[in-house]
Amino acid sequence: MKKYLLFIFDIAKMVVISLAIIVPIRYFLIQPFYVKGASMEPNFHENEYLMVDEITYRFRAPQRGDVVVFRYPKDPQDYYIKRLIGLPGETVEIKDGWVYVTDATGLTSKVEESYLPASASTVALLETPIQLGPDEYYVLGDNRNGSKDSRSFGAVKKSFIIGRVFLRGWPIENFGLIQNDGPLLTR
């Protein structure tokens, strides 16, 4: 009987120690998400399993080109995955199928996006430039014609951003780190 109680006690200790390690990591550092929908194709596909880094943005600001998971501004219980295009204080404009960013100095640049197919163009829902506030970001899906993004719901506040996607875990043949490979601004 004593051996049985020691065995149960050892199992309980293992569970408590495991939870003490896993729970903080899961809730404060890294969080898993599944891709739902086709808004990020051709770079991310339905049912891919992604890991999101929740700590990086505590030490540095999000960067243009980062793929982020955020709470949908119109219903914060929903999560979206999109690419950061416009940064705080910038003005974003879409015209003739291209995205343009004007920085705080007034310099306008065309956004060159090597991660999109050459045939991709961005459809503007409004031709009006969007001025971003000091804590706002402009996000777009990589599948520009099949994405619900800042063109429809506006800018995303930094407080809504959960973190940046850093790892694709599933399917196993696509396993790997996610690099920020753009976009570039050209003048």
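A simple count of charges around residue 56, restricted to other residues whose Cβ falls under 11 Å of its Cβ and scoring Lys, Arg +1 and Asp, Glu -1, yields 0. Summarising the label geometry, the points placed 7 Å from Cα in the beta-carbon direction at residue 131 and residue 104 lie 1.5 nm from one another. Put simply, the amide H of residue 112, placed in the peptide plane, has neighbours under 5 Å in 184, 185, 186, leaving out anything fewer than 5 places away on its chain. Bridging of residue 74 to lysines at a Cα separation below 27 Å is possible for 36, 82, 95, 148, 157, 158, once same-chain residues fewer than 8 apart are set aside.
Projecting label points 7 angstrom from Cα along Cα→Cβ for residue 55 and residue 41 puts them 3.6 nm apart. Per-residue 3J(HN,Hα) values for region 91-101, derived from phi via the Karplus relation 6.51 cos²θ - 1.76 cosθ + 1.60 with θ = phi - 60°, read 10, 10, 9, 10, 8, 6, x, 10, 9, 10, 10 Hz in sequence order (x marks Gly and Pro).
At 0.36 nm per residue, and after removing the present C-alpha to C-alpha distance, how many nm does the segment from residue 158 to residue 8 gain when stretched out fully?
Roughly 49.4 nm would be gained on extension.
FYI, it's all coordinate maths here, none of it is from the lab. None of these values were measured; they are calculated from a predicted model. A quick note on method: Cβ atoms are made from the backbone with ideal geometry, for glycine too, and the neighbour counts reach across all protein chains shown.
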